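Input: a single structure, listed below in structure tokens.
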Amino acid sequence: MGVLRRTEGGRRYRRRHRLARSQRAVVSVVGALLSLLVFFALFGIFVTQYVPLWMNDNEAMYTSDIQASFAELKQNIDLQSQLAGPQVLSVPFPLASQGIPLFAAPTTATLNYIPHTQGVYASVNMQYGPGGQPNFVYNQSLGTVQMTVPNRYFPPQMFVYEDDAVIQEQGDLQQVVAYPPLLAINTSGNFQSVSLTLVQLYGNATQVVSTGTEEVYSHFGTLTSFPSNGSLSAPGSPFTVTVTFGTLQPCAWATFLNRTLSASGLPTSAWTLTPHSCVPAAGSSVPVKVVFSALTNFNLFVATSTIVTGVGEI
């Protein structure tokens, strides 16, 4: 298709012929295809790169929120145990993370309350108990509050409130006592004292799966103390106390107790810990045992609390 040129008065004029209708249609189709290619390229980058990062942040924040809820639950029960009240306190537990509209559904968790968890228990054996009573023994099956978070972009988590400790785990060998139980160890010269609080949970077993928030109520029950300063005939003389924690999270308990005892100031000859390092549970209960061989004072506190889940279930 040629271009006509003509000159008038020393000026040159150019005039182009318009494209035929069929040629204009081809250009429109090519432009639309290029636009679609750009859109799908950007969409692919969004889905494969931005969505995982966004959801990773959502699930990480959600995990932190759950940890905070467990910390508040423990704080409430400790407060009620120490002050014998308030009678009822509640904690909101979020059961789903934030999602991404149209692209990613929220991550939902499962909340379980088990008043007598199989394989979870505490046992205390004192050579001399309250009033110098020989061979004092206290055994108690323990309840647990558990939350399983099957994250898809952030590592899956599990939280357990057990015997006044909050445990966070990502598997048998990745466990930590995020919030420790009420355990106090004091040493001064020949004086060696240990104070331990055990918490037993009562109530109906429940399981909650939802996309909202669930209220968990703790009802104060009782607080009983079992103090001992050794033999009645020779108070203050060294005596032996054995504390055993039956648990499905032995890695967390063994690591926590080893660090606590090592930093307590007690001579290493005055205590033994079995196992003394992280061991896998493999789905079975494992006893973690501490033997104090030269205590001059031991105080055992046993607190009870009833756990209720759900608004209007008090």
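Summary table
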| read-out | value |
| --- | --- |
| Residue in region 270-288 that is within 30 Å of Gly189 (Cβ to Cβ), open to solvent by 50 Å² or more (accessible area, probe 1.4 Å) and in a helix (DSSP H, G or I) present | no |
| Region 289-314, residues that are in a loop (DSSP other than H, G, I, E, B) and open to solvent by less than 30 Å² (accessible area, probe 1.4 Å) | Thr296, Gly310 |
| Criterion (outside any helix (DSSP H, G or I), β-branched (Val, Ile, Thr) and open to solvent by 10 Å² or more (accessible area, probe 1.4 Å)) met by exactly one of Thr244, Thr260, Thr255 | Thr244 |
| Qualifying residue in region 124-145 (condition: touching a helix residue (DSSP H, G or I) at 6+ places or on another chain (Cβ under 6 Å), of a type in the set (A, V, I, L, M), open to solvent by less than 20 Å² (accessible area, probe 1.4 Å) and on the phi < 0 side of the Ramachandran plot) | no |
| Filtered residue count, region 95-113, keeping only those that are surrounded by fewer than 20 Cβ atoms within 10 Å (Cβ to Cβ), in contact (Cβ under 8 Å) with a residue 12 or more places away in the chain and under 20 Å from Gln157 (Cα atoms) | 8 |
| Residues located in region 275-309, provided they are aliphatic (A, V, I, L, M) and over 24 Å from the mean Cα position of the chain (by Cα) | Val290, Val291, Ala294, Leu295, Leu300 |
| Criterion (in contact with a Cys (Cβ under 6 Å, 6 or more places away or on another chain) and touching a residue at least 24 places away in the same chain (Cβ under 8 Å)) met by exactly one of Thr255, Thr260, Thr213 | Thr255 |
| Near pairs, Cβ below 8 angstrom, 6+ apart or cross-chain, from region 184-195 (in contact (Cβ under 8 Å) with a residue 40 or more places away in the chain and open to solvent by 70 Å² or more (accessible area, probe 1.4 Å)) to any residue that is among the hydroxyl-bearing types (Ser, Thr, Tyr) and in a loop (DSSP other than H, G, I, E, B) | Asn190/Thr296; Phe191/Thr296 |
| 2 or more residues in contact with a His (Cβ under 6 Å, 6 or more places away or on another chain), closer than 26 Å to Ser218 by Cα and hydrophobic (A, V, I, L, M, F, W, C): qualifying strands (runs of 3 or more DSSP E) within region 92-156 | none |
| Positions within region 46-91 being at pLDDT 90 or above, more than 22 Å from the chain's Cα centre (by Cα) and open to solvent by 70 Å² or more (accessible area, probe 1.4 Å), in sequence order | Gln87 |
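The values are calculated or read from the model by the stated rules, or taken from the named source; none is laboratory data. As the structure is a prediction and not an experimental result, all values here were calculated from the model. Note that each Cβ is placed from the backbone with ideal geometry, even for glycine, and that neighbours are counted across all protein chains shown. Please note that ligands, DNA and RNA were not included when accessible areas were found on the heavy atoms of the full protein model with its side chains. Shrake-Rupley method; radii C 1.70, N 1.55, O 1.52, S 1.80 Å.
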